[in-house]
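The values are calculated or read from the model by the stated rules, or taken from the named source; none is laboratory data. None of these values were measured; they are calculated from a predicted model. Virtual Cβ from ideal backbone geometry, glycine too; neighbours counted across all protein chains shown. What goes into the accessible areas is simple: the full protein's heavy atoms, side chains included, and nothing from ligands, DNA or RNA. Shrake-Rupley method; radii C 1.70, N 1.55, O 1.52, S 1.80 Å.
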Amino acid sequence: MRVYCLSEIEVFMNQNQKFILSAFILSLAITLSANAQDVLRATLTNGLQVIVVRNTLAPVVTTMLNYKVGADECPSNFPGTAHAMEHMMFRGSPGLSADQLAAISAAFGGDDNANTQQAVTRYFFTTSVENLETMLHIEATRMKDLLPDESLWTKERGAIEQEVAQDLSNPEYVFYEQLLAATFKGTPYAHSPLGTRPSFDKTTGADLRKFHNTWYVPNNAILVVCGDVEPQKTLEQVKNIFGAIPSKELPPRPEFNFQPVQPDLLKLNTDSPYGFVAVTFRFPGADNSDFAAAQILSDVLSSQRGKLYDLVPQGKALFADFSYYTFQKSGLGFATAGFPAGGDSTNLLDSVKQILLTEITNSVSDELVEAAKRREIIDAELQKNSIDGLATAWSDAVAIEGRNSPEDDINLYRKVTTDDVNHVAKKYLDFDHSISAVLTPVPSDKPISGKSFGGAESFASSKNPNVKLPDWAKKVTEQLPTPATTLNPFVTNLANGIKVIVQPESISDVVCIYGRVKNNSKVEMPPDKDGVDSALSQLFSYGTKSLDRLAFQKALDDIGANESAGAEFSLQVLPENFDRGVQLLAENEISPALPDDDFKIIQTQLAASVAGELKSPDHIAGHALTSALFPKNDPAGRETTPETVKSLTIAAVQNYFHTAFRPDMTTIVILGKISPTDAVATIEKYFGDWKADGTKPNTLFPSTPNNSTAVTHVPDASRVQDKVTLAETLALTRTNSDFYTLQLGNSVLGGGFYATRLYRDLREKSGLVYFVDSSFDLSLSRGIFQVDYACDPPNVSKARAAIINELKDVRTKRVSDTELHQAKMMLLREIPLGEANFDLIAKIWLNRVEWNLPLDERVRAGKIYTKLTTKDVEAAFAKWIRPDDLVQVTQGPEPK
């Protein structure tokens, strides 16, 4: 239930402009930003801070309610209390049951969640703008109280303990927990918000209700509303709905008495195919005057023109980076570098330390400092291209960092000098108080094939009840929304076959390019050339025929552009630098250098990486699933080996590039502040001479017969919880009309939290799992139906039995009219949500082109959904879904 997002930036108006409030609003204790046209700020008389940010990207709105309480305020002997409280907010409040909340959330489109951090607990909804008032009612109701029902916590305890088991099955998360304990010993930062099973076992529902009534009060909350809203009207709605909730006196905040970090070396195993070393330092927090310079230092150290990253082209590391995680009162700065299984971690760790020591001794580059500042500024612009991201930016800036707005950070970055960065480097890259770590990859034991799935279990279906909604929420579910789009793309094909799609948007001062070459390396790679696609992918970062790696990266830095090339390529750039940015992107995509010397280094690294990957539990589990689903010698089961990589030549890489990368299989989507005429002209200018030779390669897998049932267990010593996949092949393709009926039925099964059957069976009622997901993965030639979940080993067969029961039930019995209406509502409301984010818009369009579907296919699909019946769903599931043929692959401890 925890999601981590990016930051956004505020839009300001002229300094002299004022906002005049009506007498009605003046009755509040309100403070306003005197220079904000699209931002309205207020503090209600009960202390609730309100920030309304207008963003017209789509008819969508996000509410984000930030309670200034998190892991910091948890009792020392009850870590995870704030996290448990977050979970219980979905179990119901007086006047709003869990079933009612689930039904409303599903009708919103299912895009709601929460996360617990060190300083805040955050609740957010994103839905069509007409649902704003209902969203506000939900949050006001949940602010008032929890349901005084101990049995609700008893049920939720199982789910949150499954979340703990899930995170503790991730070696990188275990490393993070140990790092916090060592770096922040004796302070609230010494533990993450996650919590522990022993803590939750002794926690009671009464404890959580007391925690709620202490901290979940308006004067301890910041409400951010972002989207296509009218600010003053929105503020009036907030006042009417929240204004009567009383404030309370808050307890004192915990103290932070940081002690010097004791140097240490942490050693852990990982189930990843590679290992990594880390050197970590305590860094300044967001409220420290060194914060901005520390952020620029982090950017400089992670630059692809820097000495740390240079470990990669030298063949000394698989990857190398520097990261900066910020809390309010402190932070973590750490350098990481990857090594293959069997690699020399000791030498790599020493190399990383020596590079950082050199940065302390020598002055950092003025050029890299300025490049880092440009990138921070353009990244802030990019964050405006997402409505929920914009809400997150304001929440992070105000609720966590204590800023007035996200613009404050940008202003701080602008003022940073090279001297500031050098000062911070000397001050915080302190090896006498640093912690190093080595995570070593450990191979999996061989998979174990079986003939049975475990003991038999019996479960009754958990159909969605006919929920009577509160009066303020009834309109949300009464009538299905009309499928519609606000997008109007310009589409054209260049003479060489490139399809160009342009959607002008002025929401930010940036232009974004998203490109895709239709490609399927499993099918397109020549025999015995497995791994040629991976080698090519890595070589794209080594420059172009006219600019070597460093010169190419400098050219990008000079205009503050973000760029990547390959089968999926992209560019983000300011409008005034669009021409130069496209020129660089085209050079990289069409004329990569593909240098032989660098290929030889990559070849050695890739062979070592593949050797580790073949022994990793993730790869073994994935290959076991593919082998069980598809016939022998099916291209989906092709594996890259060290031997195939070592046999490659640069000529083989070049041949694959010229065969697989063609303009007549390429689509380019452009969104941002540019006209279609200018966008197409620039793409034609730099991509127009790209020519294709020969016939188009086949990119489709062959059709495949139905699989037989099978069960495989992949041992994974690092996991305390089993990860389970149930899957089967389908002769169904993406363009088959039954796809829509199955999608509708799948929305009855999962995707809507407590409102859908699998979540109700496996999480709400029994607490067997933290998550469960069902999905259809369909191409133009074949498809897969898949269910994924994770649980304790003794519960694997119980959860499987419940899933099988639901699949059989949908095949043989009509889903209820209530369930079908809810599923339709969820799918229809997802349509505008897919238009509230540049990345989503581009992904949807690129997929539609690849599947030979119209760009507005989602709207057309919506019209189909409205006409489907319960009989249609039953017939489609009976035709396509075979519950008795599911393949099961389990990764982790031995399941039971």
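Key figures for this structure:
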quantity: q = 0.15, 0.16, 0.31 Å⁻¹: log10 I(q)/I(0) that the Debye formula gives for segment 294-344, counting C-alpha atoms only; calculated: -0.45, -0.50, -1.12
quantity: Spin-label pair residue 568/residue 695, simplified geometry with 7 Å Cα→Cβ offset, distance in nm; calculated: 3.0 nm
quantity: Residues listed by number, segment 297-320, amide nitrogen under 20 Å from residue 347 label point at 7 Å toward C-beta; calculated: 307-320
quantity: Along principal axes, Cα extents of segment 78-136, largest first, whole Å; calculated: 39, 22, 16
quantity: Hypothetical label at residue 643: residues of segment 497-537 whose amide nitrogen lies under 17 Å (7 Å Cα-Cβ projection); calculated: 527-532
quantity: 1.4 Å probe accessible area per residue over segment 187-315, in Å²; calculated: 40 Å²
quantity: Summed residue charge, Cβ within 13 Å of residue 206's Cβ, Lys/Arg positive, Asp/Glu negative; calculated: -1
quantity: Segment 584-693: trypsin sites (Lys or Arg not before Pro) falling in loop per DSSP and having at most 12 other Cβ within 10 Å; calculated: 632, 691
quantity: Sulfur and carbon atoms: percent of accessible area, the chain [1.4 Å]; calculated: 49 percent
quantity: 29 Å Cα-Cα threshold exceeded, pairs from 233/867; 824/879; 267/723; calculated: 233/867
quantity: For segment 103-134 versus segment 255-328, the gap between their alpha-carbon centres in whole angstrom; calculated: 33 Å
quantity: Links that overshoot a 23 Å alpha carbon limit, given the list 615/646; 307/646; 446/632; 329/426; 798/871; calculated: 307/646; 798/871
quantity: Surface accessible to a 1.4 Å probe, per residue, for the residues of segment 794-834, Å²; calculated: 32 Å²
quantity: Taking the convex hull of Cα positions in segment 222-319, its mean projected area over all directions (nm²); calculated: 13.7 nm²
quantity: Neighbourhood net charge (12 Å Cβ-Cβ; Lys/Arg +1, Asp/Glu -1) for residue 358; calculated: 0
quantity: Segment 174-252 - Kirkwood radius from inverse mean 1/r over Cα pairs (Å); calculated: 16.5 Å
quantity: Enclosed volume per residue, in Å³, of the convex hull spanned by Cα atoms of segment 645-784; calculated: 277 Å³
quantity: Centroid-to-centroid separation of segment 381-406 and segment 643-683 [C-alpha atoms, Å]; calculated: 34 Å
quantity: Trypsin sites (Lys or Arg not before Pro) lying in DSSP loop within segment 492-573, provided at most 16 other Cβ fall within 10 Å; calculated: 545
quantity: Kirkwood Rh in Å, taken over all unlike Cα pairs in the chain; calculated: 29.2 Å
quantity: Descending semi-axes in whole angstrom, ellipsoid equivalent of segment 733-791, from the Cα gyration tensor; calculated: 25, 12, 5
quantity: Cross-link reach list, aspartates and glutamates versus residue 248, counting only Cα pairs under 15 Å and skipping chain neighbours closer than eight places; calculated: 145
quantity: The chain: relative contact order as a whole-number percent, Cα under 8 Å and 6+ apart; calculated: 17 percent
quantity: Extension gain (nm, one decimal) between residue 677 and residue 45, 0.36 nm per residue minus Cα-Cα; calculated: 222.3 nm
quantity: Reachable lysines, given that their alpha-carbon falls under 25 Å from the alpha-carbon of residue 685 and they are not under 8 places away in the same chain; calculated: 499, 518, 545, 554, 673, 696, 843
quantity: Distance between segment 729-773 and segment 479-536 - C-alpha centres, whole angstrom; calculated: 28 Å
quantity: Radius, Kirkwood style, for segment 315-424 when every pair of distinct Cα atoms is counted (Å); calculated: 16.6 Å
quantity: Expected-Rg normalisation [2.2 N^0.38 Å, Cα atoms] applied to segment 529-625; calculated: 1.30
quantity: Distance between modelled label sites at residue 446 and residue 287, nm, 7 Å Cα→Cβ extension; calculated: 5.9 nm
quantity: Once exposed loop GluC sites (Glu not before Pro) are cut out (DSSP; at most 11 other Cβ, 10 Å), longest piece of the chain; calculated: 256-896
quantity: Total formal charge among the other residues, if their Cβ is under 13 angstrom from that of residue 642, Lys/Arg +1 and Asp/Glu -1; calculated: -2
quantity: Value of [θ]222 nm, deg cm²/dmol, for the chain, DSSP H segments ≥ 4, -39500 (n - 2.57) each, nearest 500; calculated: -12000 deg cm²/dmol
